[in-house]
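The values are calculated or read from the model by the stated rules, or taken from the named source; none is laboratory data. This structure is a prediction, so every number in the text was calculated from the model and none was measured. Counting neighbours? That spans all protein chains shown, and the Cβs are built from the backbone with ideal geometry, glycine included. Calculation scope for accessible area: heavy atoms of the full protein, side chains included, ligands and nucleic acids excluded. Shrake-Rupley method; radii C 1.70, N 1.55, O 1.52, S 1.80 Å.
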Amino acid sequence: MEGAIPATMVADSIRQHSEKTDLGAHSIFLGQVRKDRVNDQEVVAIEYTTYKEMALEKIHEIREAIFSKYPLSCMHVYHSLGRVAAGEISLFVFTSSKHRKAAIEACSETVERIKAELPVWGKELFANDDYQWKENQ
Amino acid sequence: MQVTIKVFGPLTDIVRENDLVMNDVHDTDQMVQKLGERYPALHGAPYNIAVDKNIIDKNTVFTGDHIVALLPPYAGG
């Protein structure tokens, strides 16, 4: 989705699941843009770009693999594109299951796979209009 | 045969375009060689190559029109 993920979207997602009364556990991961300091410059935002056609195929593949590995009821993934300011949310992963273990482990594995396998790049923008390319640890 | 080359992330600093087109290229090795001649800074830059969205690990012959992507290390999240 374009731009930051608003906190109200997370709240709405939780609310929408209250009708699914067979669920007993949700796990949520939120990735936030960090105001890193590099050579006396602070990161003010990250500008995300992607290879959309490949990313959509890849997230579908990850989703299928996670669903076949864990007894999940549902899973939602949102990743920001474009500019996201420091302090704002750029990744939202939401997994739901009957019990906590599957929800937590599926959420964690999905985040790791997104970081490693999704063709997304981030340009860390500094206040002085300079930039550097984000590297995942 | 036409190969469209999509360039992403840090590699756009070198190539300065998002899409390149090559008409006279036989396989991925030859494509890399031609790109290196045009953009010497690509030599040594880390990236994978995807042909029609599939990452390849060996030289791949082009059999028709293809979309190739140069994919530097991912940095999502």
*asked:* Can you tally the lysine pairs in the stretch A:45-137 where the Cα-Cα distance is under 22 Å and the two residues are eight or more apart, or on different chains?
replied: 14
*Of A:ILE28, A:HIS79, A:VAL120, which is farthest on the positive side of the dipole of the stretch A:7-133, counting Cα position, with +1 on Lys and Arg Cβ, -1 on Asp and Glu Cβ, and the Cα centre as origin?*
A:ILE28
_Nothing charged except the Cβ atoms of Lys and Arg (+1) and of Asp and Glu (-1): what's the magnitude of the dipole of chain B about its Cα centre? Round to the nearest 20 debye._
160
_Probe 1.4 Å - accessible area at A:ASP36, Å² to nearest ten_ = 50
*Would you work out what percent of the accessible area of chain A, with all protein chains in place, is carbon or sulfur (probe 1.4 Å)?*
48
*Measure of size requested: the Rg and Dmax of the stretch A:16-137, with Cα atoms as the atom set and Å as the unit; please supply both.*
16.3, 52
*Under 5 Å between amide H atoms, partner at least 5 residues away or on a different chain: which partners does B:PHE62 have, H built in plane at 1.01 Å?*
B:ASP27, B:THR28
_Nearest-ten-degree value, helix A:100-117 long axis tilted from longest Cα axis of chain A_ = 40
*Express in Å², to the nearest 10, the accessible area of B:ILE67 obtained by rolling a 1.4 Å probe over the protein heavy atoms while all chains stay in place.*
70
*Under a 1.4 Å probe, what is the accessible area of the protein assembly as shown per residue, stated in Å²?*
55
_Area buried, chain A against chain B - accessible surface, total, 1.4 angstrom probe, square angstrom_ = 1700
_Pairwise FRET efficiency - A:ASN128 versus B:ASP24, Cβ, R0 = 41 Å, nearest 0.05_ = 0.45
_To test your reading of the geometry: what angle, between 0 and 90 degrees and rounded to tens, separates the Cα axis of helix A:52-69 from the longest principal axis of chain A?_
40
_Give me the percent relative contact order of chain B, please, defined on Cα pairs under 8 angstrom at least 6 residues apart._
42
*Roughly what % antiparallel, to the nearest 5, for the DSSP beta bridges in the protein assembly as shown?*
90
*Summarise the partner chain shielding of B:65-76 as one whole number: the mean count of Cβ atoms from other chains within 10 Å of each residue's Cβ.*
6
*Principal-axis tilt of helix B:28-38 within chain B, Cα atoms, nearest 10 degrees*: 60
*Scattering from the C-alpha atoms of the protein assembly as shown alone, worked out with Debye: what is log10 I(q)/I(0) at q = 0.12 1/Å?*
-0.73
